[in-house]
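Some notes on the structure that comes next.
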Amino acid sequence: MIKTELDGDSFVEYHDSFFDQPTADELLKHFLKIDFPWQRQAIRGVLTRRSNAWFANDPRLVYRYSGQTWTPSPLTLELTEIRDCLTEACPCSFNSVLAALYPDGQAAVSWHDDNDFPTLPDSPIVTVSFGSQRRFKIRRKSDQEIVAEYDVTHGSMIVMGGAIQRHYDHALQKTSKKVAPRVNLSYRVFHAPN
């Protein structure tokens, strides 16, 4: 495990091989099934190369992003088992998962924070990755300096904690290398409406 203190209020942890390879292989197969509820987003009228799926057992946890509304699907058995493993490593009441499928190296996500989610203040966001290795970067908002980067591997986990979403952006950038699909699962504490 590599822990990087970004400042007095923010940190990131990278756990290589949080899931062993046989487990990671089986989970990747599950998420690449034809009947998995992947959807491509249209952002400013253009379909993204990546696909997403939104999960929460509470139907009130509707996610609104870039003019789209995502009604949650219930967590699958596999998503629930992963959540339980993550909770042991990062005690938190995760109640939602944003899944992303990057089919190739041109599928990416630009610099952003995750403050678009109505999460509890500074609650951790934990992501796990399955499939091809990709480069994940974090930069400071104030001066856009890259402060951390990781070659995120099959079965790895990243914890973004403290005030990181307020002070830093992160991105998964494109690569010209020929890479196989990658699945990323982002577990969050989504604040339910009253």
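Read-outs: derived from the displayed coordinates by stated rules, not from any lab. Because the structure is predicted, anything quoted here is derived from the model rather than measured. Positions of Cβ are backbone-derived with ideal geometry, glycine not excepted, and every protein chain shown enters the neighbour counts.
Among residues of the range 2-31 being under 18 Å from the mean Cα position of the chain (by Cα), among the hydrophobic types (A, V, I, L, M, F, W, C) and within 17 Å of H167 (Cβ to Cβ), the one that is surrounded by the most Cβ atoms within 10 Å (Cβ to Cβ) is V12.
Note on the range 172-194: among residues that are of a type in the set (A, V, I, L, M, F, W, C) and part of a loop (DSSP other than H, G, I, E, B), the one that is farthest from R139 (Cα to Cα) is A192. Per this entry, S129 is not counted among residues that are farther than 24 Å from I2 by Cβ, of a type in the set (S, T, N, Q) and either in a strand (DSSP E or B) or over 15 Å from the mean Cα position of the chain (by Cα) (or both).
For the range 173-184, the criterion of being within 22 Å of F31 (Cβ to Cβ), over 16 Å from the mean Cα position of the chain (by Cα) and free of Cβ contacts under 8 Å to residues at least 12 places away in the same chain is met by none of the residues.
Within the range 7-32, residues that are free of Cβ contacts under 8 Å to residues at least 24 places away in the same chain reach partners that are among the acidic types (D, E) and assigned to a helix (DSSP H, G or I) with beta carbons closer than 9 Å, at six or more positions or on different chains, in the pairs E26/E78. Restricting the search to the range 121-173, which residues are of a type in the set (A, V, I, L, M) and touching a helix residue (DSSP H, G or I) at 6+ places or on another chain (Cβ under 6 Å)? Of everything in the range 121-173, just one residue is of a type in the set (A, V, I, L, M) and touching a helix residue (DSSP H, G or I) at 6+ places or on another chain (Cβ under 6 Å), namely V126. What's the number of the condition C85 fails, among (1) closer than 18 Å to T23 by Cα; (2) in contact with a strand residue (DSSP E or B) (Cβ under 7 Å, 6 or more places away or on another chain); (3) touching a residue at least 60 places away in the same chain (Cβ under 8 Å); (4) not acidic (D, E)? In the conditions (1) closer than 18 Å to T23 by Cα; (2) in contact with a strand residue (DSSP E or B) (Cβ under 7 Å, 6 or more places away or on another chain); (3) touching a residue at least 60 places away in the same chain (Cβ under 8 Å); (4) not acidic (D, E), C85 misses (2) alone.
Quick one: which strands (runs of 3 or more DSSP E) sit completely within the range 11-91 and have at least 3 residues that are within 16 Å of V189 (Cβ to Cβ)?
On the way: elements: 39-43, 46-56, 63-65, 68-70.
Of the strands (runs of 3 or more DSSP E) lying wholly inside the range 11-91, those with at least 3 residues that are within 16 Å of V189 (Cβ to Cβ) span 46-56.
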